[in-house]
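> Sharing a structure with you now.
The values are calculated or read from the model by the stated rules, or taken from the named source; none is laboratory data. Since this is a predicted model, take the numbers as computed values, not measurements. Cβ coordinates were reconstructed from backbone atoms using ideal geometry, including for glycine residues, and neighbour counts include every protein chain displayed.
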Amino acid sequence: MGIEGVGARVSRKEDKRFITGSGRYVDDMVVPGMKHAMFVRSPHAHAQIKKIEVKAAQAMPGVIGVLTGKELKADGIGNLICGWMIHSKDGSPMKMGAWSPLAVDKVRYVGDAVVIVVADTKAQARDAAEAVEITYKELRAVTDASKAMDKGAPQIHPEAENNLIFDWDIGNADETAAAFKKAAHVVKMDVINNRLVPNAMEPRAALGHYDKAEDHYTCWTTSQNPHVARLVMSAFYNVAPENKLRVIAPDVGGGFGSKIYIYPEELVCLWASKKTGVPVKWVADRTESFLTDAHGRDHHTHAEMAFDKDHKILGFKVETKANLGAYMSLFSSATPTYLYATLLSGQYDIPAIHANVKAIYTNTAPVDAYRGAGRPEAAYLVERMMEVSARQFGVSPAELRRKNFIKAFPHQTPVIMCYDAGDFATSLDTAMKAADYAGFEKRREKAKKDGKLRGMGFSCYIEACGIAPSAAVGSLGAGVGLWESAEVRVNAVGTIEVLTGSHSHGQGHETTFAQLVAERLSVPLDSISIVHGDTDKVQMGMGTYGSRSGAVGMSAIVKALDKVEAKAKKIAAHLMEADEADIVIENGALKVAGTDKNVPWFQMALAAYTAHNLPGGMEPGLKETAFYDPANFTFPAGCYICEVEIDPDTGQTDIVQFVAADDFGNIINPMIVEGQVHGGVTQGIGQAILEGANYDASGQLLTASYMDYTMPRAGDVPSYKLSTSNTPSPSNPLGIKGCGEAGAIGAPPAVINAITDAIGTENLTMPATPQKVWAAIRSAKH
Amino acid sequence: MSEVSLTVNGRRVSASVEDRTLLVHFLREHIGLTGTHVGCDTSQCGACVVHVDGKAMKSCSMLAAQASGSDVVTIEGLTDGGDLHPVQAAFKEHHGLQCGFCTPGMIMTTVDMIARHPEGLDEATVRAELEGNICRCTGYHNIVKAVLAASKTMSKVSKGKTKKAA
């Protein structure tokens, strides 16, 4: 490892523009003639649209266009789709209802877009939007997935009877039932995984520009995957053929999953630009973001775990109701199925598992992947189950886990996944030592003397990342392949551009990807630029989500580097009249191993482009492309320990320490990996004690601003104690597993296990607010 | 319409704006300083913090007209084109930013916080003082480290200056 290469704690190349205010986000983009859009949205959770009157709005100052769904349909713009087919256990395909980008006959959640208004200024567009008169006939609404299938519940889409989208099974029901028959102990739980709003700090935005002369569209959008956006808008929404549509995702201010999807606004802005003849920009207000960004989680689950007399797990039975909201978002069907139930084995050797998942429409915002996406729901269920079981058996939660850990790899679980590497006991030991587990009882006693309740909770999470082998996900219903692409361009003076289909919106790819190249080609970090986020610059790519950019995106770069290195060595060998097998790359030069003979890197590059003296038959230039399709998922895992102190008089939880011991495989830049864990854990703590999206019975979102939805602030969380003990992934050339989502997956059960340990009752739901904790303490006393 | 005239990053600017124009919109849309960001509509997130007459201010919480006659400094004007400000340097060194969207507001808040605490800062004070700035990426861990480090650097610098003066 050099000071700039793989494994080095290099500060980020991209930072300078962000700390000096020179970042360029979508809202910062200005194009000549640009105008501003506001969407008129449904104030009702469920209603028929009787009449839309736009005349008054059209007459308002500065208004250029007021457009409705009928006009959009007339122009052939398609409905939004979910791109992952799930079949119910009876073999029938999922029941997807129509999602028109602008509602035509019916609205199905508060925030459903109905009309777009384009005006000279945003303020004028806002004024005119208020002048649009829409007559609704209100219908009864249902927001709670556990009630949406009840007899007499309102029917949201005609395609989905009883609001049931699919009724899906995984695992083996008979084997699981047989395991329960043999059980000495059965532990039962009902668990709610609370609905969250992702809340990237940059609100979603889109700027659509139709160039009439070229018959060409450009879309600047807050996207984690601009190429997927172009593909979907071309192939399914009929905006324009791919060669007539350029999608640019410039600096993007956080995503956390919510910016994977193609929403109504970007394609309506593109269409409205053609319709009005001006570039159209829309930027969400924060309240619009709360109402319309895809939400996360929202599961109701009943689970039972069977143990033998020695507390070895025999079987696991799970029934989950997943709330998908009013429409099926782009990957919404995959989240509560293949990203959730395939992880129900946790870190444990469980011989038999059976899970049933019912996906249900409600009159709420669409629900899709949010940091972790299904895996936090699985980890919360499994890790609450382990802790509660240990308490019921009167054994140590750490030892119950240790007894049931998977110890040999590869390990085939009963739910598809084949774990290829890991060392769960080492992570547990590391975390217990870092948390001073041995000293905990003394600390608990001291807290008790001070009138406080102290508790400790464990979480031994596992996740599946490096998403994903294309053929495997294709066989499970994915509409796309999940490979990644890379192009490495060595310029004539030896500087390098790497074009990647991964997208960086906080992850630091401009640094870590460059570190990989610097290590491999022995060139300075400053001579390497990473290019991403523009479909005109970068060939097809699949984007950033599911902790995939290291494991998949960088593996594609490795493949391209292999080709570059091979050609560079051939050129150098030719120039030095040496055997290419003897060429090594060191200190900025290609050398003949064991001699003084060398060609500086830049000289070799120049030779590639002057082409005066290349090996016979070699093409000039030095630029190579690769596509990498992963061999398997990767399996980051670890142990988190949370210690809390609670004031029984107020219910206030103070997180006094949080320890994370992770196994991420090989690491490119420890500083960036730690930053990912800090952020993920904080979102996990947010889910556990602060955050919750709450709808009232009529379908109004009660938590639609930062006044109402509790975001973690600096004072809510501690400084963290992190460590890693890494087993390299055998499934990709770099041995990387991924680190982006671990914190959000592992943290919630650790926190809730700690709080329930402190207060002595399991009767607590997330977010464990002071009010709920106080009430739980009171109810436990009586 | 309101006539506003103010100093922004040392430059005099005058414009005629709609009465309802917020300072943040004036900065972003009228004079093209897009480093100041809008992350919410309830004055909670702090992405729009600038300095007005030397004090940290959420620029979404005042009208451009109210700022008329004031001296405003934005993230673009924190240094006069030279080296990074010690707070900017500390955020970079300690990885106190990821997506960068909250960063300008965080840095402007931090500069003000350090100025108000010449005696130095501790972790609890920093965390309490950051109440009005939300970050979704970093979990605050490295922001807190950066603020404490910058506070130390700046107190050394100012002590050095005092000694020289003496």
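> Starting from residues that are not hydrophobic (A, V, I, L, M, F, W, C) and not in a strand (DSSP E or B), keep the ones in the stretch B:5-23 and report whichever is farthest from the other protein chains (Cβ to nearest Cβ).
For the stretch B:5-23, the residue satisfying everything is B:Gly10.
> Among the numbered conditions (1) within 13 Å of chain A (Cβ to nearest Cβ); (2) in a helix (DSSP H, G or I); (3) surrounded by fewer than 18 Cβ atoms within 10 Å (Cβ to Cβ), tell me where B:Gln66 comes up short.
Among (1) within 13 Å of chain A (Cβ to nearest Cβ); (2) in a helix (DSSP H, G or I); (3) surrounded by fewer than 18 Cβ atoms within 10 Å (Cβ to Cβ), the lone unmet condition for B:Gln66 is (1).
> Right, next: Would you be able to tell me the number of residues in the stretch B:123-140 that are at the interface with chain A (Cβ under 7 Å from one of its Cβ atoms) and among the hydroxyl-bearing types (Ser, Thr, Tyr)?
2
> Here's a follow-up. Can you name the residue in the stretch A:745-773 that is part of a loop (DSSP other than H, G, I, E, B) and within 24 Å of the chain's Cα centre (by Cα) and, of all such residues, is surrounded by the fewest Cβ atoms within 10 Å (Cβ to Cβ)? Break it down into steps so the answer makes sense when it comes.
Start the filter on the stretch A:745-773 by keeping residues that are part of a loop (DSSP other than H, G, I, E, B), which leaves A:760-769.
Keeping just the survivors that are within 24 Å of the chain's Cα centre (by Cα) gives A:765-768.
On the way: A:Thr765: 15, A:Met766: 25, A:Pro767: 20, A:Ala768: 25.
The selected residue is A:Thr765.
> Moving on. Select, from B:Cys99, B:Cys60, the only residue that is at the interface with another protein chain (Cβ under 9 Å from one of its Cβ atoms), outside any strand (DSSP E or B) and at pLDDT 95 or above.
So the residue among B:Cys99, B:Cys60 that is at the interface with another protein chain (Cβ under 9 Å from one of its Cβ atoms), outside any strand (DSSP E or B) and at pLDDT 95 or above is B:Cys99.
> Taking the conditions exactly as written (of a type in the set (Asp, Glu), in contact with a helix residue (DSSP H, G or I) (Cβ under 7 Å, 6 or more places away or on another chain) and either surrounded by 24 or more Cβ atoms within 10 Å (Cβ to Cβ) or within 11 Å of chain A (Cβ to nearest Cβ) (or both)), does B:Glu76 satisfy them or not?
Judged against the criteria, B:Glu76 is not a match.
> Taking the stretch A:712-741, which residues are of a type in the set (A, V, I, L, M, F, W, C), out of contact with any strand residue (DSSP E or B) (no Cβ under 6 Å at 6 or more places or on another chain) and not in a loop (DSSP other than H, G, I, E, B)? Working first, answer last.
Of the stretch A:712-741, the ones of a type in the set (A, V, I, L, M, F, W, C) are A:714, A:717, A:722, A:734, A:736, A:739.
Filter once more, keeping what is out of contact with any strand residue (DSSP E or B) (no Cβ under 6 Å at 6 or more places or on another chain): A:714, A:717, A:734, A:739.
The answer is A:Ala714, and nothing else.
> Could you check the stretch B:145-166 and list, in sequence order, the residues that are modelled with pLDDT of 70 or more, basic (Lys, Arg) and farther than 20 Å from B:Leu97 by Cα?
From the stretch B:145-166, those modelled with pLDDT of 70 or more are B:145-158; that's our starting set.
Now narrow it down to the ones that are basic (Lys, Arg): B:145, B:152, B:156.
Scanning the stretch B:145-166 gives a single hit, B:Lys156.
> Here is a follow-up. Find all pairs meeting these conditions: Cβ atoms under 8 angstrom apart; at least six residues apart or on different chains; first residue within the stretch A:250-265 and within 14 Å of chain B (Cβ to nearest Cβ); second residue outside any loop (DSSP other than H, G, I, E, B) and of a type in the set (A, V, I, L, M, F, W, C).
A:Pro250/A:Val26; A:Pro250/A:Trp220; A:Asp251/A:Phe18; A:Val252/A:Val26
> Something else about it: Scan the stretch B:102-122 residue by residue and report those that are within 7 Å of chain A (Cβ to nearest Cβ) and not in a helix (DSSP H, G or I).
If the condition is that a residue be within 7 Å of chain A (Cβ to nearest Cβ) and not in a helix (DSSP H, G or I), then B:Cys102 is the only one that fits.
Per-residue answers, yes or no, for (1) farther than 30 Å from A:Lys188 by Cβ; (2) modelled with pLDDT of 95 or more; (3) surrounded by fewer than 24 Cβ atoms within 10 Å (Cβ to Cβ); (4) polar (S, T, N, Q):
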site	(1), (2), (3), (4)
A:Phe256	yes, yes, no, no
A:Lys259	yes, yes, no, no
A:Lys275	yes, yes, yes, no
A:Ala284	yes, yes, yes, no
A:Asp293	yes, yes, no, no
A:His299	no, yes, no, no
A:Ala303	no, yes, yes, no
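> Whether any residue in the stretch A:413-424 is assigned to a helix (DSSP H, G or I) and assigned by TED's automatic domain parsing to the domain that holds A:Cys639 is what I want to check.
yes
> Applying the selection to the stretch A:652-703, what residues are facing chain B (nearest Cβ under 10 Å) and assigned to a loop (DSSP other than H, G, I, E, B)?
Within the stretch A:652-703, A:Asn669 is the sole residue that qualifies.
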